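Participant: If you scroll down you'll find the structure; I have some questions about it.
The values are calculated or read from the model by the stated rules, or taken from the named source; none is laboratory data. Here the structure is a predicted model, which is why all the values come from computation and not from measurement. We place every Cβ from the backbone using ideal geometry, glycine too, and count neighbours over all the protein chains shown. Accessible surface is based on the protein model in full, side chains and every heavy atom, while ligands, DNA and RNA are left aside. Shrake-Rupley method; radii C 1.70, N 1.55, O 1.52, S 1.80 Å.
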Amino acid sequence: MAGDEIRRNMALFPIGIVMKLTDLTARQIRYYEQHELIQPARTAGNQRLFSFNDVERLLEIKALIEKGVNIAGIKQVMNPVGDGSDEPTVINEQSEVKRREMTDSQLHRMLKQQLMTGKRPGQVSLIQGELSRFFKSK
DNA sequence: TTTCTCACA
DNA sequence: TGTGAGTA
């Protein structure tokens, strides 16, 4: 149902609310926006307005950050956000799950690529906690 | 009061 | 990332 997607993508709350909802600072939220991890709408007064989808995305980002993944890594794990020409933004739980399963293979591929490419000092930190997921059972 | 952009300890 | 400045 399209109505659901409309509600999820409807810009509703200002950054102050999002800060409480995600436990992120305004600085971080704006920073992630700069890196195109999220794309909140703007009011006539240039105020950011976030949708439920933006908040969920922020929570995912937060989770990754806590695992030790940096912006570069998150960019590779998150969906390509670019110019919005794409934006199917999961409609039902089933596709939500499917996307999670995909994330693991993408992450594995990402890690492999990085390990083979030969990591530079700055990018080495990209993995950390994520690696344990592949070395342990599961 | 809240948020915005910009710049720097 | 934090934080202060100066606005809107």
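Participant: Which FRET efficiency value, to the nearest 0.05, do you get for A:Arg27 and A:Ser105 by plugging their Cβ-Cβ distance into 1/(1 + (r/R0)^6) with R0 = 25 Å? Don't skip to the end; give the middle numbers.
Facilitator: Working: r = 33 Å, r/R0 = 1.32.
Efficiency for this residue pair is about 0.15.
Participant: Quick check: residue separation of A:Asn9 and A:Lys67 times 0.36 nm, minus the Cα distance between them. What number comes out in nm?
Facilitator: Numbers: separation 58, 0.36 × 58 = 20.88 nm, distance 2.68 nm.
Extra length available between A:Asn9 and A:Lys67 comes to 18.2 nm.
Participant: Enter the accessible area of A:Arg7 (Å², nearest 10), with the probe set to 1.4 Å and all protein chains included.
Facilitator: 130
Participant: Leaving ligands, DNA and RNA out of it, report the carbon-plus-sulfur percent of the accessible area of the stretch A:1-78 at a 1.4 Å probe.
Facilitator: Values: 2480 of 4410 Å².
About 56 percent, which is the carbon plus sulfur part of the accessible surface.
Participant: Related question: Please work out how much accessible surface A:Asp4 shows to a 1.4 Å probe, ignoring ligands, DNA and RNA, in Å² rounded to 10.
Facilitator: 60
Participant: How much accessible area does A:Lys75 have with a 1.4 Å probe, in Å² rounded to the nearest 10?
Facilitator: Number for this one is 100 Å².
Participant: With a cut-off of 15 Å, note down the residues of the stretch A:1-34 whose backbone N falls inside the zone around a label point 7 Å from the Cα of A:Arg42 toward its beta carbon.
Facilitator: Label zone hits: A:15, A:30-31, A:33-34.
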